[in-house]
Each structure stands twice: as C-alpha cells, then as structure tokens.
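The structure under discussion appears below in the form of structure tokens.
The values are calculated or read from the model by the stated rules, or taken from the named source; none is laboratory data. As the structure is a computational prediction, the values presented were derived from the model and not from experiment. Cβ coordinates were reconstructed from backbone atoms using ideal geometry, including for glycine residues, and neighbour counts include every protein chain displayed. Quick note on the areas: whole protein, heavy atoms, side chains included, nothing else; ligands and nucleic acids left out. Shrake-Rupley method; radii C 1.70, N 1.55, O 1.52, S 1.80 Å.
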Amino acid sequence: MSSEGNVAVHVHRDDEASKLGMWLFLFTELTLFGGLFLMYSVYRYTHQADFHLAAQNMNTFIGALNTAILLTSSLTMALSITALQRGSKKLSLSFQAITIFFGLIFLVNKYFEWSHEFHIGNFPGSESLLNKSQGEILFFGLYYVMTGLHGLHVIIGMAVIAVMMKFTINNVITRTNYVKLEAAGLYWHLVDVIWIFLFPLFYLIS
Amino acid sequence: MEGKDKHTIHNHSYTAYIIVWLALLTFTAITVAVAGINFGNSTIAIALIIASIKTYLVLTIFMHLKLENKTFKIFVIIAIFFLVISFILLFSDYSNI
C-alpha cells in the first residue's frame, strides 16, 4: 500500500502466533486421542485377563519395527528444518521425502498386520471374534479404532509434508520463512508421540 | 516480546537430533526387553514411565519446546495437566482402592 518506493516491503508475519495456533490444534488432537486412551484404560482395568489374552495375537516385532520407523521419520523431519535453516534446500527436500517414505513403510507394515488379523478372522463383527470373551472383543475394537485413527493421521501427515515439499521447491518455504514446515513437523511429531503410547499399550501386555 | 530474535535461527544441531533419536531407539529396546519380564502390577507403570520419557524427549527437542518462550511451555503443561486430571477422576470412580 505504501507509495514510497524507497521503503522496503514490510511483510506482516508472526511466526510465534502461527506456531501457537498449531499447538492449540495439537491440543484438540490430544483430547481426541485422550478420550480413546481413557476408554482403553477403563476397559483394560475391568477386563485385565482378556486384554492379556487378546494381546498375545499382536506381533511385537512388527510393532517395535514400526516404532523405530516412526521415530526415525521424526528425526528426518526435524533434520529437514535444520537443513533448511542452514541454507541447504536440497538436503531439506531429501529429508522431507525420506520422512514421507518412512510413513509409507509404516503403513505397509500396518497393512500386513491388519491383513493377518483379518485372515485369522479377528476383524470387527466377524463370527470368530464375536464368539470370544467380552474383553477380547473390546481389545480388538479399540485396536482397530485407535491404530486406524492413528494410521489416518500418518496419511494426513504424509500429504501435508508433500505439500511442504512443493512449497519448498516453489520457495514459499525458505531459509528465513519456514514456519509452515515447522508446523507440519509439529503435527508429524505428535503422530509419533501417540504411537509411542499405542505401542506398549497394545503390543507389550501379553 | 523479544522482537529482535524473531528471525534468528533457533534450532538444535544435527548431532543433538541424532543423539535424541538414538536415545529414543534405546528406550524402545528397553521397553520391549522389560515387557518380557513379569513385574506384576508395575509392568504397566514401567511401560508408561518409559513412554513418558520418550514423549518428553520428542516434545522438548524434536518439537523445539526447549527453545520456545514460556507461553508454549505453560500451554503444553496445562493441556497435559487436564488430561491427567481426567484420568485421575475417571479412576477415582472405577478403582475401589
């Protein structure tokens, strides 16, 4: 709007507020998953033996592998921001691409896990599952809802990072203006934190 | 507000992230190893403590909370506080201890 040509363009930007906005959104995610964790804790408390029995079906190795994959993807996400701040756009893009790749591997593992459960008849509403005890039905119900919702978040996170890659290529995200990438990172790390709790609660209780 | 600092780089080094990542993997290995041993009722407590330590590392380093100003830290503490309150109130109903 300024008519004075010699005045540098003032970009109105408040990175702190943008980040705070992202954190507020993450708190709503916390209540979303928090409610499910509350439900899990009550049912586990009232059906302890059944939960232990049902958890024996879980493949601890794939669970642990997926934990490592997601933790590594969080590392590459964090590194992509550092790389950009240090001026290496290419390196940042590579780290972002690797993060998406790890997300994909995570989902592929999840696909195999779920297919295995479906194959042996442990899917919601199946006859063999409905013949099991109340606690086991609850365990698998919670397992599908919670890991399913988490998986959905992984997919959304991957999509968001893909957009960030486009932004980085188009110089919308730059060395001095990277708050969008940071917000995407915050989301990805939250997804990681949720998995940090899902893993011991579903895989390590047998 | 420290307006001067707004556009200065604030981030951890590559090395710091890699160290945290190694710590996170180590804690994962510990939690898997410990799950094999039966500690009775404290098994779940140990698993949750390890998960909380991992979360702390992710929040402070990966999510840059350590470098953010106080507002962020207070917000996060309040959010976690209310989640913990929900658990406490819920279990005051369910547990008969």
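Quick rundown of the values:
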quantity: Fluctuation leader among B:N69, B:N41, B:N11 - chain B, Gaussian network, Cα springs under 10 angstrom; calculated: B:N41
quantity: Where a label projected 7 Å from the Cα of A:V179 along Cα→Cβ would reach, residues of the range A:67-88 with amide N under 19 Å; calculated: A:81-82, A:84-86
quantity: Alpha carbon convex hull of the protein assembly as shown, volume per residue in cubic angstrom; calculated: 148
quantity: GNM top mover of A:D14, A:D192, A:D50 - chain A, alpha-carbon springs below 10 Å; calculated: A:D14
quantity: Prolate/oblate/rounded label for chain B (Cα gyration tensor, a/c 1.5); calculated: oblate
quantity: Distance (nanometres) between label positions extended 7 Å along Cα→Cβ at B:Y56 and A:S88; calculated: 3.2
quantity: Cα-projected label distance for B:S95 with A:T31, points at 7 Å along beta-carbon direction, nm; calculated: 2.6
quantity: HN-Hα J in Hz across the range A:170-186 - Karplus 6.51, -1.76, 1.60, θ = phi - 60°, x for Gly and Pro; calculated: 7, 6, 6, 9, 10, 4, 9, 9, 10, 4, 5, 5, 4, 5, 4, x, 4
quantity: Largest to smallest accessible area among A:L53, A:L142, B:L83 [probe 1.4 Å]; calculated: A:L53, B:L83, A:L142
quantity: Cβ-Cβ FRET estimate between A:V11 and B:I19, R0 fixed at 35 Å, reported to 0.05; calculated: 0.50
quantity: GNM top mover of B:V20, B:V32, B:V58 - chain B, alpha-carbon springs below 10 Å; calculated: B:V32
quantity: Three-way shape call for the range A:10-66 based on the alpha-carbon gyration tensor, with the a/c threshold at 1.5; calculated: oblate
